[in-house]
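The values are calculated or read from the model by the stated rules, or taken from the named source; none is laboratory data. Just so it is clear, the model here is predicted, and its values are computed rather than measured. Cβ placement follows ideal geometry from the backbone for every residue including glycine, while neighbour counts extend to all protein chains displayed.
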Amino acid sequence: EVRHFLTLCPELSLGWFEEGRLVAFIIGSLWDQERLTLDALTLHKPHGTTVHIHVLAVHRTFRQQGKGSILMWRYLQYLHCLPYVRRAVLMCEDFLVPFYQKSGFKVRGPSEITVGPLSFTEMFHPVWGHAFMRRNSGY
């Protein structure tokens, strides 16, 4: 999945490197709906306005250092610069909801996607690109 989206939409991925070593990364793709469906797990919709954040991963030896929060903050700041992006969405297990809420994500409700016995919470973060705001502000 990671290589698939790195090939299709590398501009929606972000990595954190220390001394040439990848220690954390985010992989995203574009989606053309507000809610995630099973297709969102494998498809990239180039004309979509929703960024689906597939994964935020931090290498185990670098966890509990704030790197995940910082990387997410930088990623969201980057998305604000993309004029076509309106929102970021993700699905996570319940224990991760507070982590994403600290980054400004809001709970949308249970995800329709399940993996075996695992269920997920869908979350969203409004993202209005600065170019979109300028275009619609009269300036």
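For region 58-66, the criterion of being closer than 20 Å to Gly104 by Cβ and buried (at least 17 other Cβ atoms within 10 Å of the Cβ) is met by at least one residue.
Please work out which residue is surrounded by the most Cβ atoms within 10 Å (Cβ to Cβ), limiting yourself to region 67-79 and to residues that are touching a residue at least 60 places away in the same chain (Cβ under 8 Å) and of a type in the set (Phe, Trp, Tyr).
Tyr75
Restricting attention to region 43-64, the residues being of a type in the set (Val, Ile, Thr), modelled with pLDDT of 95 or more and under 19 Å from Gly15 (Cβ atoms) number 4. Considered as a group, the residues in region 33-54 that are touching a strand residue (DSSP E or B) at 6+ places or on another chain (Cβ under 7 Å) and loosely packed, with under 13 Cβ neighbours inside 10 Å include one that is farthest from His80 (Cα to Cα), and that residue is Leu38.
Counting the residues of region 109-127 that are farther than 15 Å from Ser69 by Cα, of a type outside the set (A, V, I, L, M) and either buried (at least 16 other Cβ atoms within 10 Å of the Cβ) or touching a Gly at 6+ places or on another chain (Cβ under 6 Å) (or both) gives 5.
Taken over region 86-95, the criterion of being farther than 12 Å from Thr50 by Cα and not acidic (Asp, Glu) is satisfied by Met91, Cys92, Phe95.
In region 112-130 there is at least one residue matching the filter, namely being in contact (Cβ under 8 Å) with a residue 40 or more places away in the chain and within 19 Å of Val2 (Cα to Cα).
How many of the residues in region 1-17 are in contact with a helix residue (DSSP H, G or I) (Cβ under 8 Å, 6 or more places away or on another chain) and either assigned to a strand (DSSP E or B) or surrounded by 13 or more Cβ atoms within 10 Å (Cβ to Cβ) (or both)?
Step one: filter region 1-17 for residues in contact with a helix residue (DSSP H, G or I) (Cβ under 8 Å, 6 or more places away or on another chain), giving 1, 5, 12-14, 16.
If we keep only those that are either assigned to a strand (DSSP E or B) or surrounded by 13 or more Cβ atoms within 10 Å (Cβ to Cβ) (or both) as well, we get 5, 12-14, 16.
Qualifying residue count for the region: 5.
Sub-9 Å Cβ pairs linking a first residue in region 80-96 that is farther than 14 Å from Lys106 by Cα and free of Cβ contacts under 8 Å to residues at least 60 places away in the same chain to a second residue that is part of a loop (DSSP other than H, G, I, E, B) and charged (D, E, K, R), at least 6 apart or interchain, are Arg86/Glu34, ordered by first then second residue. If you check Pro110, Pro83, Pro98, which single one turns out to be farther than 16 Å from His52 by Cβ, modelled with pLDDT under 95 and of a type outside the set (S, T, N, Q)? Step by step, each of Pro110, Pro83, Pro98 is checked, and only Pro83 is farther than 16 Å from His52 by Cβ, modelled with pLDDT under 95 and of a type outside the set (S, T, N, Q).
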